[in-house]
Amino acid sequence: MKSHRSLLLLLLAAITLYLYGCVIPIPTPENKVLAGTPVTEEQLAFIQLGETTKESVLARLGEPQIVWENAHILVYEWEVRHGILLWAVGAGYSGAFGAIDLRERYVLILQFNDTDRLQRFERVIRPPLKSYGDFLREWVNKP
Amino acid sequence: MKLSTYPLTRTGCFKSMLLMIAALVILAGCASMDAPTGRELEDVLTGQKTIVLLRVEANIGHSPYEPFKADLVDDNICFGLGSFDTGGHLRRIENQRFLSPESRREGWTYMVLTPGIYYLTVQPARRTDLYSYMHRFNAPPRWQLDIPEGARVLYAGTIRVSGIGDPLMFGGSVMREILDTSVDGTDQKSATTISAVHFPYLGVPQVFLLQPYEGKAFYFRSPMQPTR
């Protein structure tokens with residue numbers, strides 16, 4: 001039994017020595033857009049709660065990514081790079097390395113009332129592990 | 001004694017391996033027969049979900065191409081579906097569902113979905129890395145599927161797919177690229193027959209054909225609270 005355990009440990013040590021790798025995350029400024037068109041704070045300066053209409057938002061910001069009809073919601077979405085993940089894997093005499101963009105998903109959510117006047121809006125980061133539907137429902141039901 | 005049994009054991013082992021391979025090959029073609037569950041049918045009866053029937057008719061050149069035959073690991077034609085939960089992003093349907101081996105051979109598939117608006121696309125089987133393949137599902141063609149409240153069974157149309165293919169080593173061919181697609185409602189009678197066979201208590205399927213969709217925005221009509 002003891003010899004089996006030693007053998008297992010030895011095997012694990014051998015595998016660890018044979019296959020090794022590392023990842024290094026490097027934060028970057030959020031100035032590279034990976035998808036969509038960002039909506040800046042300046043672009044939202046025209047907005048007045050209770051006054052701004054859906055038509056004027058569409059005219060200023062263009063076509064949204066999502067139109068949730070029964071909740072009177074428009075969603076604009078864009079992705080920026082907020083870091084780079086450098087990775088390297090070695091195995092014996094060979095290996096591989098590369099870089100992956102770390103993405104931050106921004107959304108601008110605008111909710112209108114029954115007369116299509118802006119009721120509330122928020123620019124938020126969408127959590128990567130939550131479904132879009134759950135995320136929007138939570139936002140809508142948030143007091 | 002050992003010398004005489006050795007070749008027999010090897011032969012036996014070889015036969016077992018052949019049998020296992022044959023069984024796997026057979027199972028690969030029918031493993032995903034998947035009738036709606038009792039819970040799904042209960043949801044359909046209470047109007048919370050809808051059974052959506054779809055047919056695919058595919059061709060490579062002028063030769064018919066069986067859409068749901070697994071020539072490679074995947075079915076020959078695979079679907080991508082975008083929903084409220086994916087924010088419209090079309091994701092591959094991992095387990096395409098079929099009501100029977102016969103209907104599968106005829107190109108019928110089905111989905112059980114909550115009423116609302118969905119986006120659908122088709123792609124040939126994967127022959128590239130997973131990342132590139134998943135990316136393809138967000139490329140055209142794209143259709144909008146609008147499921148009205150209260151529909152129990154719905155026929156969403158017949159998708160006609162024509163593409164170009166590559167020959168396979170042991171005969172036949174596999175689709176490489178889709179060149180043209182269209183949707184029509186010519187199989188409405190067959191949809192009614194299939195529905196009558198598998199869901200006799202759900203009535204005649206309603207017809208809401210897939211609509212080509214080229215817009216940027218994804219429109220949704222989803223309840224404020226999550227549905228099961």
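Things to note:
- Pairs with Cβ under 9 Å, 6+ apart, first in segment B:164-185 and within 15 Å of residue B:126 (Cβ to Cβ), second hydroxyl-bearing (Ser, Thr, Tyr): B:165/B:63; B:165/B:65; B:165/B:173; B:166/B:173; B:174/B:65; B:175/B:65; B:178/B:162
- Count of residues meeting criterion [open to solvent by 60 Å² or more (accessible area, probe 1.4 Å), away from chain B (no Cβ under 13 Å) and among the basic types (Lys, Arg)] in segment A:84-143: 3
- Restricting attention to segment A:61-99, the residues that are assigned to a loop (DSSP other than H, G, I, E, B) and within 19 Å of residue A:36 (Cβ to Cβ) total 4.
- Hits in segment B:208-228 (condition: open to solvent by 40 Å² or more (accessible area, probe 1.4 Å), within 14 Å of chain A (Cβ to nearest Cβ) and of a type outside the set (S, T, N, Q)): B:214, B:216, B:219, B:221, B:223, B:224, B:226, B:228
- Pick from segment A:68-94, criterion of a type in the set (Gly, Ala, Ser) and touching a residue at least 12 places away in the same chain (Cβ under 8 Å), ranking: nearest to residue A:23 (Cα to Cα): A:88
- Looking only at segment B:135-181, residues that are of a type in the set (Phe, Trp, Tyr) and under 18 Å from residue B:74 (Cα atoms) come to 2 in all.
- Count of segment B:182-197 residues, restricted to those that are open to solvent by 30 Å² or more (accessible area, probe 1.4 Å) and either closer than 23 Å to residue B:75 by Cα or under 17 Å from the mean Cα position of the chain (by Cα) (or both), is 4.
- When B:200, B:205, B:167 are checked against the criterion of being closer than 19 Å to residue B:102 by Cβ, more than 14 Å from every other protein chain (Cβ to nearest Cβ) and exposed (fewer than 11 other Cβ atoms within 10 Å of the Cβ), a single residue qualifies: B:200.
- Restricting attention to segment B:124-164 and to residues that are polar (S, T, N, Q) and under 25 Å from residue B:209 (Cα atoms), the residue that is least open to solvent (accessible area, probe 1.4 Å) turns out to be B:158.
- The residues in segment A:21-55 that are of a type in the set (S, T, N, Q), in contact with a strand residue (DSSP E or B) (Cβ under 7 Å, 6 or more places away or on another chain) and either surrounded by 15 or more Cβ atoms within 10 Å (Cβ to Cβ) or more than 13 Å from every other protein chain (Cβ to nearest Cβ) (or both) can be counted, and the count is 3.
- Residue in segment A:39-46 that is more than 30 Å from residue A:112 (Cα to Cα) and modelled with pLDDT under 90 present: no
- Residue under evaluation residue A:58, criteria (1) aliphatic (A, V, I, L, M); (2) in a strand (DSSP E or B); (3) within 14 Å of another protein chain (Cβ to nearest Cβ); (4) free of Cβ contacts under 8 Å to residues at least 24 places away in the same chain, criterion not met: (2)
- Selection of segment B:43-65 for residues being in a loop (DSSP other than H, G, I, E, B) and surrounded by fewer than 18 Cβ atoms within 10 Å (Cβ to Cβ) yields B:46, B:47, B:48, B:61, B:62.
The values are calculated or read from the model by the stated rules, or taken from the named source; none is laboratory data. Quantities reported herein were computed from a predicted structural model and do not represent experimental measurements. Neighbour counts run over all protein chains shown; Cβ positions are idealised from the backbone, glycine included. To get the accessible areas, we keep the full protein, side chains included, count just its heavy atoms, and leave off ligands, DNA and RNA. Shrake-Rupley method; radii C 1.70, N 1.55, O 1.52, S 1.80 Å.
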